[in-house]
Amino acid sequence: MLNKKLIIAFIGLVLVFLAYKFGSTVAPKSKTEAPVTTTEKVFDIHKYIIEEKGHLTASQVIALGKLENSVTRGDVKEQMISANTALANFWKDSAHTPEPYFYYLSEAAKLDKSEKNLTFAAQLILHNLRSEQDEAKLNWKTAEAIALFEKGVELYPNNDDLKIGLGSCYIFGKGRTGNATETMKGIQQLLSVVRKDSNNMKAQMMLGVGGYVSGQYDKAIERLQNVVEAQPNNMEAIAFLADTYAAKGDKAEAIKWYLISKRLINDPHYSQEVDERIKQLR
């Protein structure tokens with residue numbers, strides 16, 4: 001598991017909102033907190049797959065073996081794409097184990113190189129890593145998603161969603177563990193999008209998150225305000241805005257946006273958390 005500093009007891013309402021809507025966690029970096037220097041934990045997907053095979057039934061082992069040995073002579077590339085896709089579906093639908101599913105889906109997308117499949121695999125892993133609390137798995141998922149997004153950006157340079165996804169990987173990956181260098185990589189990738197199109201709210205949103213995570217609260221507020229003005233019902237932006245004001249120490253604005261989020265998010269648990277948060281601020 002990530003240590004306490006990596007998970008960070010995310011006292012704001014973004015945690016509650018993201019858990020409610022996305023199952024995700026992001027934490028702001030303390031401006032006074034020294035960076036953590038630890039050896040990076042490694043997740044070995046191949047070893048993990050071998051271990052997970054030990055939990056399969058006899059019939060599943062037979063089915064899996066057939067899929068693993070399905071590549072023969074002929075058009076090897078197309079067979080490998082088909083085999084990796086079938087293996088991905090096996091781990092998703094039969095074994096219900098996400099990491100092998102992500103691995104084989106990623107391998108198929110890298111071989112296929114289509115914009116659609118690269119984007120799907122990359123976005124799926126990005127969505128999942130946002131809630132990952134195991135440091136080794138987080139590192140692996142981040143690296144997998146970055147590799148897919150980078151390949152997508154290389155092949156389809158006009159696809160801004162791929163650039164936004166790449167920037168998001170840096171922020172939600174090592175950036176959320178307090179790695180300022182990774183956060184800045186993400187911010188620079190996102191800036192390349194908004195410099196071309198300042199009305200791209202996806203990029204503006206993620207720049208706001210990047211500012212929040214790195215403790216640049218004024219910049220985060222500016223970006224998030226832009227998003228909320230353009231998209232008044234963007235609940236994630238409002239939740240981040242409330243927490244950013246709270247982190248900055250502006251209690252009045254924080255309470256204002258917490259109350260707005262409470263009205264928009266019709267959920268008893270979230271409302272209870274908002275009330276508790278406001279109580280702490282007053």
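The values are calculated or read from the model by the stated rules, or taken from the named source; none is laboratory data. Owing to the predicted nature of the structure, the values given are computational and were not obtained by experimental measurement. Reconstructed Cβ throughout: ideal geometry from the backbone, glycine too, with neighbour counts over all protein chains shown.
Collect the residues in region 90-126 that are out of contact with any Lys or Arg (no Cβ under 6 Å at 6 or more places or on another chain) and aromatic (Phe, Trp, Tyr), keeping them in residue-number order.
Within region 90-126, Phe90, Trp91, Phe102, Tyr103, Tyr104, Phe120 qualify.
Give region 212-222 a look and list any residue that's assigned to a helix (DSSP H, G or I) and under 18 Å from Gly178 (Cα atoms), or say none.
Residues satisfying the conditions are Tyr212, Val213, Tyr217, Lys219, Ala220.
What pairs can you find where one residue is in region 239-253 and closer than 14 Å to Val274 by Cβ, the other is surrounded by fewer than 24 Cβ atoms within 10 Å (Cβ to Cβ) and among the charged types (D, E, K, R), and their Cβ atoms are less than 6 Å apart, with a gap of 6+ or different chains?
Tyr245/Glu253
Going by the conditions given, is Ile81 within 30 Å of Gly210 (Cα to Cα), of a type outside the set (Phe, Trp, Tyr) and in a helix (DSSP H, G or I)? Break it down into steps so the answer makes sense when it comes.
On the way: within 30 Å of Gly210 (Cα to Cα): no; of a type outside the set (Phe, Trp, Tyr): yes; in a helix (DSSP H, G or I): yes.
No, not satisfied.
Quick one: what pairs do we get from region 264-279, first residue in the same structural domain as Ala242 (by TED's automatic domain parsing) and without any contact (Cβ under 8 Å) to a residue 24 or more places away in the chain, second of a type in the set (Gly, Ala, Ser) and outside any helix (DSSP H, G or I), C-beta under 6 Å, 6+ apart or different chains?
Nothing qualifies.
Could you tell me whether any residue of region 146-162 is touching a Phe, Trp or Tyr at 6+ places or on another chain (Cβ under 6 Å), modelled with pLDDT of 95 or more, not charged (D, E, K, R) and not assigned by TED's automatic domain parsing to the domain that holds Tyr48? Spell out the reasoning first.
The first filter runs over region 146-162 and keeps only residues touching a Phe, Trp or Tyr at 6+ places or on another chain (Cβ under 6 Å), leaving 162.
Next, from what is left, pick out any that are modelled with pLDDT of 95 or more: 162.
Filter once more, so that each one left must be not charged (D, E, K, R): 162.
From what is left, the residues that are not assigned by TED's automatic domain parsing to the domain that holds Tyr48 are 162.
There is at least one residue in region 146-162 that is touching a Phe, Trp or Tyr at 6+ places or on another chain (Cβ under 6 Å), modelled with pLDDT of 95 or more, not charged (D, E, K, R) and not assigned by TED's automatic domain parsing to the domain that holds Tyr48.
For Glu132, which of the numbered conditions (1) assigned to a helix (DSSP H, G or I); (2) within 19 Å of the chain's Cα centre (by Cα) fails to hold?
Among (1) assigned to a helix (DSSP H, G or I); (2) within 19 Å of the chain's Cα centre (by Cα), Glu132 violates only (1).
Spot the failing condition for Leu190; the list is (1) surrounded by fewer than 18 Cβ atoms within 10 Å (Cβ to Cβ); (2) over 30 Å from Ile278 (Cβ atoms), and only one is missed.
(1)
Which one is farthest from the chain's Cα centre (by Cα) among residues in region 238-252 that are among the aliphatic types (A, V, I, L, M) and surrounded by fewer than 24 Cβ atoms within 10 Å (Cβ to Cβ)? Working first, answer last.
Applying the first criterion (among the aliphatic types (A, V, I, L, M)) to region 238-252 yields 238-239, 241-242, 246-247, 252.
In the following step, the residues that additionally are surrounded by fewer than 24 Cβ atoms within 10 Å (Cβ to Cβ) were identified as 247, 252.
Details: Ala247: 22, Ala252: 30 Å.
Ranking the candidates gives Ala252 first.
Would you pick out the residues in region 187-210 that are more than 21 Å from Asn233 (Cβ to Cβ) and in contact with a Leu (Cβ under 8 Å, 6 or more places away or on another chain)?
Ile187, Gln189, Leu190, Leu191, Val194, Gly210
So for region 223-242 (the condition being assigned to a loop (DSSP other than H, G, I, E, B) and closer than 26 Å to Thr183 by Cβ), does at least one residue qualify? Walk me through how you get there before you give the answer.
Within region 223-242, the first condition is being assigned to a loop (DSSP other than H, G, I, E, B), and the residues that meet it are 231-234.
Subsequent filtering for residues that are closer than 26 Å to Thr183 by Cβ retains 231, 234.
Yes, the conditions are met somewhere in region 223-242.
Yes or no: Ala58 more than 26 Å from Thr177 (Cβ to Cβ), hydrophobic (A, V, I, L, M, F, W, C), in contact with a Leu (Cβ under 8 Å, 6 or more places away or on another chain) and without any contact (Cβ under 8 Å) to a residue 24 or more places away in the chain?
On the way: more than 26 Å from Thr177 (Cβ to Cβ): yes; hydrophobic (A, V, I, L, M, F, W, C): yes; in contact with a Leu (Cβ under 8 Å, 6 or more places away or on another chain): no; without any contact (Cβ under 8 Å) to a residue 24 or more places away in the chain: yes.
Criteria not met by Ala58.
Please state which of the following conditions Leu87 fails to meet, knowing it meets all the rest: (1) more than 26 Å from Thr57 (Cβ to Cβ); (2) buried (at least 18 other Cβ atoms within 10 Å of the Cβ); (3) aliphatic (A, V, I, L, M).
(1)
Which one of Ser106, Ser131 is touching a residue at least 40 places away in the same chain (Cβ under 8 Å), closer than 17 Å to Phe43 by Cα, surrounded by fewer than 18 Cβ atoms within 10 Å (Cβ to Cβ) and polar (S, T, N, Q)?
Details: Ser106 fails: surrounded by fewer than 18 Cβ atoms within 10 Å (Cβ to Cβ).
After applying the criteria, what remains is Ser131.
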